[in-house]
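The values are calculated or read from the model by the stated rules, or taken from the named source; none is laboratory data. Computed from a predicted structure; not experimentally measured. Methodologically, a virtual Cβ is constructed for each residue, glycine included, from the backbone with ideal geometry; neighbour enumeration extends over all protein chains shown. Only protein heavy atoms, including side chains, enter the accessible area calculation; ligands, DNA and RNA are left aside. Shrake-Rupley method; radii C 1.70, N 1.55, O 1.52, S 1.80 Å.
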Amino acid sequence: MPEKQDKAKIAEWREELPLIPLRNMVVFPQMIVPLFIGRSKSVKALEETLSKEKVVVFVSQKNEEVEEPGPKDLCTIGTLSEVVQMLTLPDGTTKVLVEGICRVKIEKYVAEAPYFRVMISRIPEPDEVSPETEVLVRNVIKQFEEYVKLNRRIPPETLMSIVNVENPGRLADLISSYLSLKVEEKQGILEALTAEKRLKKLTEIMEKEIEVLNVEKKLQGKVRKQIEKVQKEYYLKEKLRAIQEELGEEEGESEPEIAEYKKKIADAKLPAVVKEKADKELERLTQMPPMAAEASVIRTYLDWLVELPWKKKTKSKLDINEVERILNAEHFGLEKVKERILEYFAVLQLTGKMGGTILCLVGPPGVGKTSVARSIASAMGRKFTRVAMGGVRDEAEVRGHRRTYVGSMPGRIIQSIHKAGVNNPVFLLDEIDKLGTDYRGDPAAALLEVLDPEMNREFSDHYLELEFDLSDVFFITTANTRDPIPRPLQDRMEVIEMSGYTEEEKLGIAKGYLIPREMEKHGLKPDRVELKEEAVLTIIREYTREAGVRNLEREIGTVLRKIATKIVKEKSQQKFVVTKASLQDYLGAVRYHFGLAEEADQVGTATGLVWTEVGGDIIPVEVTTMAGRGALTLTGQLGDVMQESAKAAMSFVRSRAKSLGLDENFYRKFDVHIHVPEGAVPKDGPSAGITIATALVSALTGLPVRKDVAMTGEVTLRGKVLPIGGLKEKLLGARRAGIKNVIIPKENKPDLDEIKKEIPSDLNIVLAKEMEEVLAIALVGKLKPGKELDNRPYRYLPGDQPPQLYA
């Protein structure tokens with residue numbers, strides 16, 4: 001402590017002094033504190049101080065993360081301190097020993113560079129002691145004694161130094177320096193300018209700290225007792241094991257759990273590699289305390305090893321006639337799918353091997369993909385298991401979690417095999433096109449090993465850390481579309497397209513499957529309820545619009561529920577006959593209007609065919625012209641491909657302006673607006689070119705487009721009609737919309753020949769190779785003179801002569 005004459009000298013020092021900001025630290029008056037100074041501004045301030053008075057102001061930062069604090073980042077109350085000793089360390093940091101003198105208030109900042117200089121006013125320490133202050137002093141000392149007993153990091157000798165302090169304010173500062181407090185709490189005590197305020201704040205803080213230390217002590221006591229219990233059990237077991245060895249008994253036989261696991265391993269008839277792994281893990285378990293955390297992990301792992309069907313199989317039935325009977329009994333139509341499945345079974349019956357083929361059933365919702373997989377399992381006499389892959393984003397969902405993670409478990413593949421109980425089930429990976437990808441890995445890439453016949457013989461799950469043979473599993477996958485499935489994954493599967501059903505097929509499915517099943521489900525018998533064929537057909541046409549039959553089944557269920565309600569409420573014994581006329585009483589107003597074709601021939605409006613995930617549909621394309629300067633406007637949420645189709649169609653029309661009877665500079669006089677309606681549904685796909693081109697020619701020439709004609713195909717700048725995909729769905733969509741005449745690309749003739757049995761005979765199809773052929777069929781009337789066509793359509797509309805495009 002400085003002498004009296006030193007204090008008098010300090011009192012004469014001027015009040016403009018250097019300032020050093022402190023991070024995560026508060027200096028109290030009368031305290032000797034070691035500090036590490038690293039910032040360049042602070043080092044300069046320290047050098048300035050040592051060259052003169054050796055006094056400096058220390059102030060805490062409000063936010064310790066600020067590297068270069070300004071005046072706004074610093075507290076207004078600090079501590080005037082004397083630098084007692086300074087030492088420069090090898091890393092450039094300066095270590096100083098400082099002694100706090102008194103509290104000061106920062107009046108203003110005189111300079112901020114090269115270091116802070118401030119004007120300060122000293123805050124005097126009051127000497128008066130009130131009775132309330134004396135009570136607070138006694139209470140604080142009592143609390144500190146309790147704190148020291150609970151906190152072993154503070155030596156008991158500290159209490160002696162506390163008791164001898166007479167000044168209450170000095171006492172509060174001293175105790176605060178010993179406590180492990182946050183900077184905000186210490187700064188709060190520093191800013192309390194009276195002893196009474198400091199002691200009150202200190203009382204509140206110490207009360208919380210003592211409560212926390214009591215809880216911590218209680219928890220430590222519990223942990224210590226638990227550890228002592230485990231150590232005691234371990235000691236007794238080791239002693240028992242030593243006694244058993246002396247008596248010649250087998251190790252661990254007295255423990256029921258270990259004996260039970262040994263029996264399970266022996267009864268499971270595991271492969272040699274798996275048995276060796278199980279024995280090794282069991283040996284680890286016997287040497288481990290029962291309450292150890294890892295013991296639970298080993299028990300779970302052993303349960304998986306002994307319960308997995310490593311060698312358990314289901315004997316497959318290979319009667320191809322029985323397979324055909326089951327498929328025909330459970331599914332209407334789907335001839336191509338049935339044919340491919342029968343081929344698979346024929347090869348399986350001849351070779352006795354799976355052949356390594358993975359079937360992928362692709363089609364819209366509700367066409368029966370999952371039920372076909374169940375029928376295959378039933379026909380083979382095998383167990384059936386299913387995993388929904390929709391929304392799976394984590395690779396560990398497929399491969400499993402490593403046993404280092406808490407709560408780790410095998411992946412979905414091994415879990416499903418375990419659930420099936422055999423190693424050769426029919427395994428359905430549903431909605432494989434809905435797989436996701438994120439930072440946790442790519443589950444589609446993990447499936448490559450599962451679905452590759454050359455790799456899945458040695459499928460490795462991260463949890464098992466053993467190879468599991470999946471070669472006898474009959475994998476079937478389903479998807480709504482092929483595009484989202486990664487190419488490497490598609491390459492490992494044989495894709496079978498399951499298109500939408502025709503109206504005749506839906507009617508057959510309803511009569512043969514849906515109605516009997518729904519009647520049984522609703523407790524109705526055929527002698528009480530009858531659905532006329534015309535009523536079912538009306539439900540198909542006017543109450544559903546789908547490629548499959550899922551909504552059809554729901555609507556039939558709705559009708560039967562209302563009938564069941566009437567039977568129960570009215571206790572009626574009459575037979576309910578549902579006809580077309582009475583259908584609205586059960587299902588309400590018609591939802592979809594059958595036959596959405598135009599009611600009359602329209603100028604500038606052509607009907608196109610599109611493919612959607614729920615089947616084919618028609619879409620109108622509207623074109624209108626206005627006086628202008630050749631601007632082309634595209635609206636209707638057209639995707640990039642359809643926008644390019646529209647521009648290509650416009651270029652085609654401009655290049656053929658003369659042969660179409662148009663002024664070669666027509667585009668300079670008109671603005672053209674192409675619009676594809678149907679609300680806000682985004683539209684994209686390379687199949688609208690000829691539709692847009694036909695609507696353009698119609699709008700520019702004034703010739704109407706036939707109301708009963710729809711078309712699909714892409715157009716080139718030279719007028720060639722390019723092939724499209726999804727032909728069957730588009731043709732069924734045209735039929736569903738009431739259109740009887742369809743123009744398709746000539747290059748799609750092989751696709752047409754393949755599906756002709758599934759297309760209604762009353763749908764007239766024209767094959768076109770050139771755009772001129774499309775215009776000859778679609779437009780009503782003749783264009784102005786030009787050269788005659790060289791190419792003719794493959795198939796003409798009934799009653800028409802071969803088209804003459806020009807008069």
Checklist entry - Regarding Ser51, is this residue at pLDDT below 85, more than 53 Å from the chain's Cα centre (by Cα) and among the hydroxyl-bearing types (Ser, Thr, Tyr)? => result yes
Checklist entry - Are any residues in segment 653-670 touching a helix residue (DSSP H, G or I) at 6+ places or on another chain (Cβ under 7 Å) and within 13 Å of Leu775 (Cα to Cα), and if so, which ones? => result Val653, Leu660
Item to check | Subset of segment 290-316 [surrounded by 15 or more Cβ atoms within 10 Å (Cβ to Cβ) and assigned to a loop (DSSP other than H, G, I, E, B)] | outcome: Leu308, Pro309, Trp310, Thr314, Ser316
Item to check | Matching residues, segment 514-547, being open to solvent by 50 Å² or more (accessible area, probe 1.4 Å) and either within 28 Å of Cys360 (Cβ to Cβ) or among the basic types (Lys, Arg) (or both) | outcome: Arg517, Lys521, Lys525, Arg528, Lys532, Arg541, Arg545
Checklist outcome for this item: The number of residues in segment 401-415 that are modelled with pLDDT of 85 or more and either among the aliphatic types (A, V, I, L, M) or open to solvent by less than 10 Å² (accessible area, probe 1.4 Å) (or both) is 5
Checklist entry - Does Glu125 qualify as being exposed (fewer than 14 other Cβ atoms within 10 Å of the Cβ) and closer than 30 Å to Lys200 by Cα? => result no
Checklist entry - Quick one: in segment 416-442, which of the residues that are assigned to a loop (DSSP other than H, G, I, E, B) and open to solvent by less than 40 Å² (accessible area, probe 1.4 Å) is modelled with the lowest pLDDT? => result Gly436
Checklist entry - For Ile162, all conditions in the list (1) touching a residue at least 24 places away in the same chain (Cβ under 8 Å); (2) open to solvent by less than 20 Å² (accessible area, probe 1.4 Å); (3) in a helix (DSSP H, G or I) hold save one; what is the number of the exception? => result (1)
Checklist outcome for this item: Exception for Ala396 within (1) closer than 28 Å to Lys757 by Cβ; (2) among the small types (Gly, Ala, Ser); (3) modelled with pLDDT of 80 or more falls at (1)
Checklist entry - If we scan segment 79-87, do we find a residue that is touching a Phe, Trp or Tyr at 6+ places or on another chain (Cβ under 9 Å), of a type outside the set (A, V, I, L, M, F, W, C), within 24 Å of Glu191 (Cα to Cα) and at pLDDT 80 or above? => result yes
Checklist entry - In segment 362-372, how many residues are within 28 Å of the chain's Cα centre (by Cα) and either modelled with pLDDT under 85 or surrounded by 23 or more Cβ atoms within 10 Å (Cβ to Cβ) (or both)? => result 7
Item to check | Any hit, segment 202-225, residues being within 25 Å of Arg122 (Cβ to Cβ), of a type in the set (Val, Ile, Thr) and either modelled with pLDDT of 80 or more or in contact with a Leu (Cβ under 8 Å, 6 or more places away or on another chain) (or both) | outcome: no
Item to check | Single unsatisfied condition, Glu251 versus (1) modelled with pLDDT of 80 or more; (2) not in a helix (DSSP H, G or I) | outcome: (1)
Item to check | Subset of segment 746-770 (residues that are in contact with a strand residue (DSSP E or B) (Cβ under 7 Å, 6 or more places away or on another chain), in contact (Cβ under 8 Å) with a residue 40 or more places away in the chain and either in a helix (DSSP H, G or I) or not acidic (Asp, Glu) (or both)) | outcome: Lys746, Lys749, Ala768, Lys769
Checklist entry - Just to be sure, is Ala606 in a helix (DSSP H, G or I), farther than 12 Å from Leu700 by Cα, modelled with pLDDT of 85 or more and of a type outside the set (D, E, K, R)? => result no
Checklist outcome for this item: Filtering segment 265-283 down to residues that are among the basic types (Lys, Arg) and at pLDDT 85 or above yields Lys275, Lys277, Lys280
Item to check | Total residues in segment 443-474, condition more than 24 Å from Thr300 (Cβ to Cβ), surrounded by fewer than 15 Cβ atoms within 10 Å (Cβ to Cβ) and among the hydroxyl-bearing types (Ser, Thr, Tyr) | outcome: 0
Checklist entry - When you look at Ile326, is it more than 31 Å from the chain's Cα centre (by Cα) and of a type in the set (A, V, I, L, M, F, W, C), yes or no? => result yes
Checklist entry - Would you say Arg386 is open to solvent by 40 Å² or more (accessible area, probe 1.4 Å) and either closer than 22 Å to Ala445 by Cα or part of a loop (DSSP other than H, G, I, E, B) (or both)? => result yes
Next on the checklist: Pull out all pairs, ordered by first then second residue, where Cβ-Cβ is under 6 Å, the residues are six or more apart or on different chains, the first lies in segment 222-243 and is within 11 Å of Met288 (Cα to Cα) and of a type in the set (A, V, I, L, M, F, W, C), and the second is open to solvent by less than 90 Å² (accessible area, probe 1.4 Å) and not in a helix (DSSP H, G or I).
Outcome noted: Val230/Pro289
Checklist entry - Based on what the data block shows, is Ser375 open to solvent by 20 Å² or more (accessible area, probe 1.4 Å), farther than 30 Å from Pro289 by Cα and small (Gly, Ala, Ser)? => result no
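Residue-by-condition table, conditions (1) farther than 22 Å from Arg656 by Cα; (2) open to solvent by 60 Å² or more (accessible area, probe 1.4 Å); (3) under 39 Å from the mean Cα position of the chain (by Cα); (4) of a type in the set (A, V, I, L, M, F, W, C):
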| residue | (1), (2), (3), (4) |
| --- | --- |
| Ala734 | yes, no, yes, yes |
| Asp753 | yes, yes, no, no |
| Lys757 | yes, yes, no, no |
| Met771 | no, no, no, yes |
| Ile777 | no, no, no, yes |
Next on the checklist: I want to confirm something. Restricting to segment 77-102 and keeping residues that are in contact with a Lys or Arg (Cβ under 9 Å, 6 or more places away or on another chain) and over 18 Å from Glu53 (Cβ atoms), which single residue is surrounded by the most Cβ atoms within 10 Å (Cβ to Cβ)?
Outcome noted: Ile77
Checklist entry - open to solvent by 70 Å² or more (accessible area, probe 1.4 Å), part of a helix (DSSP H, G or I) and touching a Leu at 6+ places or on another chain (Cβ under 9 Å), is that true of Glu145? => result yes
Checklist outcome for this item: Residue set Pro410, Pro425, Pro486, Pro453; condition under 19 Å from the mean Cα position of the chain (by Cα) and in contact (Cβ under 8 Å) with a residue 12 or more places away in the chain; output residue Pro486
Checklist entry - So Ser761 fits all but one of (1) among the hydroxyl-bearing types (Ser, Thr, Tyr); (2) closer than 30 Å to Ser655 by Cβ; (3) open to solvent by 60 Å² or more (accessible area, probe 1.4 Å); what number is the exception? => result (2)
Item to check | Residue in segment 560-572 that is modelled with pLDDT under 85, surrounded by fewer than 17 Cβ atoms within 10 Å (Cβ to Cβ) and touching a helix residue (DSSP H, G or I) at 6+ places or on another chain (Cβ under 9 Å) present | outcome: yes
Next on the checklist: I'd like to check which strands (runs of 3 or more DSSP E) are fully inside segment 454-546 and have at least 3 residues that are modelled with pLDDT of 85 or more.
Outcome noted: 474-479, 529-531
